[in-house]
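This report refers to the structure that appears directly beneath it.
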Amino acid sequence: NDPTDVATRSWQVQRRDMQEQDRNKGFDISERLEQLRREREALRWEGTFRDYFELVVQNPKLAQLSHARINEMIHAAGVEKINEGTRDEIIRYNFFARELFGIEESIQKIVEYFKSAAQRLEVRKRILLLMGPVGGGKSTIVNMLKRGLEEWTRTDQGAVYAIKDCPMHEEPLHLIPHELRPEIEKHYGIYIEGDLCPQCRYMLEHVYHGRHEDVRVHRIVFSEKDRIGIGTFAPSDPKSQDITELTGSIDLSTIGEVGVESDPRAYRFDGELNIANRGIMEFVEMLKVDEKFLYSLLTLSQEQSIKTGRFAMIYADEVIVSHTNENEYIAFAGNKKSEALQDRIILVRVPYNLRVSQEERIYDKLLKQSEALRNVHIAPYTLKVAAMFAVMTRLEEPKRANVDLVKKMKLYDGEEVEGYKSKDVRELKEEAEREGMDGISPRYIINRLSSALVRDGVTCLTPIDALRAIKDGFDTHTGITPEQRERYLNLISLARKEYDEIAKVEVQRAFVYSFEEMARTLCNNYLDNVEAYCNKEKIKDPITEEEMEPDEQLMRSIEEQIGITENAKNTFRQEILIRISSYARKGKAFDYTSHERLKEAIEKKIFADLKDVVKITTSTKTPDPDQLRRINEVIDRLVREHGYCPVCANELLNYVGTLLSR
């Protein structure tokens, strides 16, 4: 009857019930923890330097330098080429693709830096500085490299070994005397760079009595939390921040025993520069750091050495990455005192993304990390409309008279715009060098969408709700000037006009029963007539089989939907025939979706024919039974096929009804 025993038995019963529930769900926490322990145990390896040397002989990549390790990690994830073989070819690295969108050009420059540095070219002795606006992805790039290294060193391909008990997790090959290194490289092709740190030299002499081959070596796994291979330094109050954070400090507990500060046992080689050896060192907002902290980077970058206390220069092999904003970089570049450091920097601009489709992916990724979406539905095109506004704030006004901001936005996103080619996109980018360095950040958009999602009674977030939330935030945004506010309000109107057209198309499509079949039939009729027209032939009536001239009225009624003039019709029709011929040679079937402008023309023709029906049905306040049946069918189709919920489908119909009745 002891209450403690009763409580224990009760807990045991509860624990058994919980374990039974886990087993029923296919997940046993005890089993998974045990499996995790086994996986971690499998990563442990310890042996002598002789054992390690045999491993390196079999696989020289075990001893690769830090830049080469990161380069291999990035390329191991794979590469995808977009628009391959053209001047607009984009290389997308899968390592970054899961988190970063629309900044492929910046990422490509970063990868080029690592690729060059991996070949031991001079660029490896430079600091990689990422410069761009807030929320542009600079920190994400560095965090991905750090997290990637943690995962990479857990794999067989990325295994890293170090001298046991070395505070700098030193490369064991440093044990080989310089006299023997040329022979090692000649016989085994193994390149050795660097020297033992003071503590390892002491251990070699006093613990192992000069027997290099007996020095203990173990496998290590990089970890920022455990301070192995990954260092981070953030600026704080210059008066209280000490240089020892970077280079280590005297060990007061042992200096009384050893007597002198120059004894390795009296010093802690645990600064961020020390523990980042073999891996990566991040300087958060490097240009905000006090000058005295930057002096250490001069020798570390160029000489690959750290000056610590009363010791000789200590070799360190690490990638130095930092990030800053444009204003601070301009001030830094204009300071003559910092010329030495400027000469040791590789600058990579990381502007905002300028592609609407990629901006959507950013919002989708960030919103999916929250629980808000469990209870609130996001209507189709909500994120796209928010992305349109954000991208337009980052674009510079086109200098060409025949290009407006909306056309420029569409061209940048790869959409076909009448009268423009990829060459025009390149020219637009070349005339706007700073494009993407200003504008609204993704953080602001996410903040506003988040505030709209958590309002009381909200079950669905529509594009109009999103634009309203973005607009309401202008008054509380401290970084927006009155001039910018006026410009942003105009861009809100532009984004809404674009959505108006999208909304009309959505409803008109939903009104078309078996839309694909209608489009295909209309397209086939058009193609039959175009072929006969271009070949100067007649066409047979499908019912009477009477030979007739090509139906010019039908062809023009479709072509006029996309602004094809009378003078341009022959060129357009020839273009269609060439595309059909190209598809035939490749053994591919041609349909109305195979040519973007033809697709647009076919859709607009069908929608134009149905416009009156849609207008009457959606704008009627008291629909008759037939109209009500049609409305319910449309709502059902929007929900079933287009990703709407009943709430936003109803709102869409009401909104389009208002637009069409104007």
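Here are a few things to note about the model shown:
- Inter-centroid distance (Cα atoms) of the range 117-163 relative to the range 56-114, Å: 11
- Solvent-accessible surface (1.4 angstrom probe) belonging to SER262, in square angstrom, nearest 10: 60
- Computed lengthening from ARG201 to ASP242, 0.36 nm per intervening residue step minus Cα-Cα distance: 12.1 nm
- Peptide ranges 459-466, 40-47 listed from the most packed, as the mean C-beta count within 10 angstrom indicates: 459-466, 40-47
- The helix-only estimate of mean residue ellipticity at 222 nm for the chain, built from DSSP H runs of length n ≥ 4 each weighted as -39500 (n - 2.57), is -16000 deg cm²/dmol after division by the residue total.
- Relative packing of peptides 476-487, 623-634, 221-232 - highest average C-beta neighbours within 10 Å first: 221-232, 623-634, 476-487
- With θ taken as phi - 60° and the Karplus curve 6.51 cos²θ - 1.76 cosθ + 1.60 applied, the whole-hertz 3J(HN,Hα) list for the range 642-647 is 10, x, 8, 9, x, 5 Hz, x standing for glycine and proline.
- Over the C-alpha atoms of the range 552-652, the Rg to Rh ratio, Rh being the Kirkwood estimate, stands at 1.13.
- The accessible surface of the chain, taken with every protein chain in place and a 1.4 Å probe, is 48 percent carbon and sulfur.
- Nonlocal amide H pairs with THR153, under 5 Å, H built at 1.01 Å: PHE222
- D (Stokes-Einstein, µm²/s), Kirkwood Cα radius, the range 286-344, 1.567 mPa s at 4 °C: 103
- √(5λ) per eigenvalue of the Cα gyration tensor, the range 214-263, largest first, Å: 25, 24, 7
- Dipole check for the chain: with +1 at the C-beta of Lys and Arg, -1 at the C-beta of Asp and Glu, and the Cα centre as origin, the magnitude is about 300 Debye.
- Taking Cα atoms only, the orientation of helix 291-302 departs from the longest principal axis of the chain by about 90 degrees.
- Cα point-scatterer Debye curve for the range 30-165, base-10 log of I(q)/I(0) at q = 0.12, 0.17, 0.21 Å⁻¹: -0.63, -1.06, -1.32
- Size descriptors for the range 370-496 (Cα atoms only): Rg and Dmax, in that order, 16.1, 49 Å.
- Volume per residue of the convex hull around the Cα atoms, evaluated for the range 256-415, comes out as 201 Å³.
- For the range 297-389, the fraction of alpha-carbon pairs in successive 10 Å shells from zero, as %: 12, 25, 20, 18, 16, 8, 1
- A simple charge model with +1 on the Cβ of Lys and Arg, -1 on the Cβ of Asp and Glu and nothing else charged puts the dipole of the range 543-599 at about 640 debye relative to its Cα centre.
- The fraction of all Cα pairs in the chain landing in successive 10 Å bins from 0 to the largest distance is 3, 11, 17, 18, 16, 14, 10, 6, 3, 1, 0, 0, given as whole percents.
- For the range 123-229, the mean projected area of the C-alpha convex hull, equal to one quarter of the hull surface, is 9.2 nm².
- FRET E, pair LYS225, GLU105, Förster distance 35 Å, beta-carbon r, rounded to 0.05: 0.60
- Here the Karplus curve 6.51 cos²θ - 1.76 cosθ + 1.60, taken at θ = phi - 60°, turns the phi angles of the range 456-473 into couplings of 4, x, 7, 10, 8, 10, 9, x, 5, 4, 5, 5, 5, 5, 4, 5, 5, x Hz, with x standing for Gly and Pro.
- Ranking of ARG585, ARG38 by solvent-accessible surface, largest first: ARG585, ARG38 (1.4 Å probe, protein heavy atoms only, all chains present).
- Summarising the amide proton neighbourhood of VAL160: residues at separation of 5 or more, or on other chains, whose placed amide H is nearer than 5 Å comprise ILE220.
- Sorted peptide list for 343-354, 553-564, 305-316, criterion being average Cβ within 10 angstrom, highest first: 343-354, 305-316, 553-564
- Semi-axis lengths, Å, the range 235-317, gyration tensor of Cα atoms, sqrt of 5 times eigenvalues: 23, 16, 11
- Once the 1.4 Å probe is applied to the protein heavy atoms, the chain comes out at 53 Å² accessible per residue.
- Rounded FRET efficiency, nearest 0.05, which uses the C-beta distance separating LYS429 from GLU575 and R0 of 30 Å: 0.70
- At most 11 other Cβ within 10 Å, DSSP loop - GluC sites (Glu not before Pro), the range 86-174: GLU89
- P(r) histogram, all alpha-carbon pairs of the range 413-477 included - 5 Å bins from 0, percent: 3, 13, 18, 14, 11, 13, 14, 9, 4, 1
- Among THR140, PRO60, ILE90 the positive-end extreme of the charge dipole of the range 56-159 (Cβ point charges): PRO60
- Angle of helix 482-511 to the longest C-alpha principal axis of the chain, folded into 0 to 90 degrees and rounded to 10: 60°.
- Mean projected area (nm²) of the alpha-carbon convex hull when the range 167-304 is viewed from all directions: 10.5
- Among the trypsin sites (Lys or Arg not before Pro) within the range 591-623, those in coil by DSSP and having at most 15 neighbouring Cβ atoms inside 10 Å are LYS621.
- Long-range HN-HN contacts of VAL350 with modeled amide H, under 5 Å: MET131, GLY132
- Label point distance in nm, LYS621-THR459, each placed 7 Å from Cα along Cα→Cβ: 2.5
The values are calculated or read from the model by the stated rules, or taken from the named source; none is laboratory data. These numbers were taken from a predicted model, which means no experiment stands behind them. Ideal geometry is used to build each Cβ from the backbone, glycine not excepted, and the neighbour counts take in all protein chains shown. Side chains included, ligands, DNA and RNA excluded: accessible areas come from the protein's heavy atoms. Shrake-Rupley method; radii C 1.70, N 1.55, O 1.52, S 1.80 Å.
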